[in-house]
1. Answer yes or no as to whether residue 58 is modelled with pLDDT of 95 or more, closer than 19 Å to residue 92 by Cα and not acidic (Asp, Glu).
2. Take segment 189-215 and flag every residue that is over 21 Å from the mean Cα position of the chain (by Cα) and of a type in the set (A, V, I, L, M, F, W, C).
3. Name the residues in segment 75-96 that are buried (at least 24 other Cβ atoms within 10 Å of the Cβ) and over 18 Å from residue 37 (Cα atoms), would you?
4. Restricting attention to segment 125-148, which residues are basic (Lys, Arg) and free of Cβ contacts under 8 Å to residues at least 60 places away in the same chain?
5. Among the residues of segment 149-198, which ones are acidic (Asp, Glu) and in contact (Cβ under 8 Å) with a residue 60 or more places away in the chain?
6. Let me confirm something: among 196, 189, 120, 166, which residue is surrounded by fewer than 18 Cβ atoms within 10 Å (Cβ to Cβ) and farther than 29 Å from residue 95 by Cβ?
7. Taking segment 110-157 as the region of interest, how many residues are part of a strand (DSSP E or B) and closer than 18 Å to residue 66 by Cβ?
8. Do we have residue 66 as touching a residue at least 40 places away in the same chain (Cβ under 8 Å), of a type in the set (A, V, I, L, M, F, W, C), in a helix (DSSP H, G or I) and surrounded by 22 or more Cβ atoms within 10 Å (Cβ to Cβ) here?
Amino acid sequence: MRMLTPLYAVAAVFAISLPVPSIAQKATSMNTPADVATALADPARAADSKDDARRQVAAVMTFTGVKPGDKVLELVPGSGYWTRVFSAIVGPSGHVYTVWPDEMDKFSAKSFAEWQSLVATPHYRNVSQLKEPAAFLTVPQKVDVVFTSQNYHDYHDPFMGPVDMATFNKQVFDALKPGGVFVVIDHVAPEGSGAADTNTLHRIDPLLVKKEVEAAGFKFDGESDALRNPKDPHTAKVFDESIRGHTDQFIYRFRKPG
């Protein structure tokens, strides 16, 4: 057997000790569109980047199919984590409309005040806010993407009305261009539970979401398992420290025919 010289032996040991990217890491780097990667590198969202891996932002944005020039409608933007990425992707020729339901005022007064400051910032001139009742969704123009993260279940709750979901999903349908998509991310509730846990655990049965959205005329267009967590028992409130930030979440994409 041929013996390695000392130099080759050291090189071989060094190579073995190098971390090897996982298949998932390789797939993410290979499949993330360039415009998404550029948006994630935007210095203006440096404070958000610490959450990128946990929230699987590259996979989620890729799944939405959003691209430069698109018009996006985001329901209940919260801290603006997703909004800042959408803004960077769609660029100056696109626009991001963010909806703040009136009924959330008592829960999000501070966030709304911060949002008013954000939309007045030149860097986010392509972002605007729509303050309106939860049950009456409107948008200035047809959009390419409607997106909501961890808030679809809220529309079922008493503090939001509750909203008539058949009417609401039809309003989402009407807000989209033909071929546009509605992307829903939410916390998974036990199978068969319907909307029983929306106001207690802040979770919703994915099967109910699919049924409600499809009833408005949408076609189910796929799902991503980027935020799934099989260790989540689905029985704890999403704010419980045992699971907070790591809940099992479904990501559904629905398409408007056209």
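The values are calculated or read from the model by the stated rules, or taken from the named source; none is laboratory data. What you see is a predicted model, and the numbers here were worked out from it, not measured in a lab. As a convention, Cβ positions derive from the backbone with ideal geometry for all residues, glycine included, and neighbour counts pool all protein chains shown.
1. So residue 58 fails the test.
2. Once the filter is applied, which keeps residues that are over 21 Å from the mean Cα position of the chain (by Cα) and of a type in the set (A, V, I, L, M, F, W, C), segment 189-215 yields 196, 215.
3. 75, 77, 96
4. 125, 131
5. 154, 186, listed by residue number.
6. Going through 196, 189, 120, 166 in turn, just one is surrounded by fewer than 18 Cβ atoms within 10 Å (Cβ to Cβ) and farther than 29 Å from residue 95 by Cβ: 196.
7. So the answer is 9.
8. So residue 66 fails the test.
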